[in-house]
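J.: This is the structure I want to talk about, given as structure tokens.
The values are calculated or read from the model by the stated rules, or taken from the named source; none is laboratory data. Keep in mind that this is a model prediction, so the values were computed, not measured. Cβ placement follows ideal geometry from the backbone for every residue including glycine, while neighbour counts extend to all protein chains displayed. Note: accessible area is taken over every heavy atom of the protein model, side chains too, but ligands, DNA and RNA are not part of it. Shrake-Rupley method; radii C 1.70, N 1.55, O 1.52, S 1.80 Å.
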Amino acid sequence: MAIVIDTCSLVAMARYYLPLDINGILTNFIKEGLETGEIILLDAIQQEAIYTSQGIAIKAMPYLKEVKYAVNTTEIFLPSPKKFHNLVDNNFCVRLLKNELTEEEYVLQKEEFLKSGDGRIIVYCMYCKEQYKVMPTSISVLTEETKSQNDGKLFQKLPSICEFLKINTITLTEYLKVHGIKIERVNAG
């Protein structure tokens with residue numbers, strides 16, 4: 001199973017898990033996942049990680065900066081752009097918030113969303129499903145976000161959009177469990 005990792009998962013890993021990774025096992029696991037393609041880091045996520053939470057993920061995992069680990073999404077286009085934009089306009093946005101905006105304001109925010117890490121994850125996963133006929137279980141999105149719309153943003157949270165598109169999501173804890181990564185207490189003396 002390949003996973004497309006989002007920014008909040010990288011930040012959570014750096015903040016909560018890596019400080020406990022005394023032997024570097026988790027760090028090596030993530031780097032190996034990037035090298036084998038099991039963990040997919042999109043260029044938009046790589047860029048967001050530089051600026052999110054003062055770059056904590058990049059500081060904890062400097063190899064994330066390497067271009068060879070990032071998938072270039074600028075050339076990825078969906079075979080049916082009109083259908084995709086209809087989904088964004090009618091299914092991915094929060095209607096009440098959309099109705100409060102002028103058409104120009106909405107178009108600008110939509111463009112920003114589609115360039116964001118979450119937007120690029122959605123486009124990448126849909127592209128994989130269309131182009132490569134990837135089975136829904138062979139690619140998942142690793143995210144720490146919840147479906148709760150609690151941030152006042154115009155577009156739904158990543159897990160909600162993934163659910164609508166029938167793209168699997170997995171949390172960092174679930175992903176590490178599946179791969180046998182666990183935190184154990186070390187006797188101090």
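J.: Name the residue farthest towards the positive end of the dipole of the chain from the options 76, 12, 52, assuming +1 on Cβ of Lys and Arg, -1 on Cβ of Asp and Glu, about the Cα centre.
T.: 12
J.: Considering only DSSP beta bridges with both partners in the chain, what is the antiparallel share in %, to the nearest 5?
T.: That works out to approximately 10 percent antiparallel.
J.: Sticking with this one: Spelling out what I want: for every residue of the range 50-61, take phi, set θ = phi - 60°, compute 6.51 cos²θ - 1.76 cosθ + 1.60 (Karplus), and round to whole Hz; glycine and proline get x.
T.: Running phi through 6.51 cos²θ - 1.76 cosθ + 1.60 with θ = phi - 60° gives 5, 9, 7, 6, 6, x, 4, 5, 5, 5, 6, 10 Hz.
J.: Which ³J(HN,Hα) values in Hz, rounded to whole numbers, follow from the phi angles of the range 77-82 under the Karplus curve 6.51 cos²θ - 1.76 cosθ + 1.60, where θ = phi - 60° and Gly and Pro get x?
T.: Ordered by residue, 3J(HN,Hα) equals 10, 7, x, 10, x, 4 Hz.
J.: Write down the accessible area per residue of the range 7-109 in Å², having rolled a 1.4 Å probe over the full set of protein chains.
T.: It amounts to 59 Å² per residue over the range 7-109.
J.: Out of [x] 0.99; [y] 0.93; [z] 1.04, which label holds the value of Rg/Rh (Cα atoms, Kirkwood Rh) that was computed here?
T.: Label [x] holds the value from this structure.
J.: Cross-link list 31/83; 98/147; 110/182; 83/157; 31/153; 65/110: which exceed 30 angstrom alpha carbon to alpha carbon?
T.: Long pairs (Cα-Cα over 30 Å): 31/83; 110/182; 31/153.
J.: Report, in whole Å, the centroid distance computed from the Cα atoms of the range 1-51 and the range 68-133.
T.: Comparing the Cα centres of the range 1-51 and the range 68-133, I get a distance of 23 Å.
J.: Okay, moving on. Using unit Cβ charges (K, R positive; D, E negative) and no other charged atoms, how large, in debye to the nearest 20, is the dipole of the range 43-189 about its Cα centre?
T.: 540
J.: Could I ask something else about it? What list of ³J(HN,Hα) couplings, whole Hz, do you get for the range 157-172 from phi and the Karplus terms 6.51, -1.76, 1.60, once you set θ to phi - 60° and write x for glycine and proline?
T.: In residue order, the calculated couplings are 6, 3, x, 5, 5, 4, 4, 4, 8, 6, 9, 5, 10, 8, 8, 4 Hz.
J.: Let me ask something else. Once amide H atoms are placed 1.01 Å from N in the peptide plane, what residues at a sequence separation of 5 or more from residue 42, or on another chain, have their amide H within under 5 Å of its amide H?
T.: 5, 71
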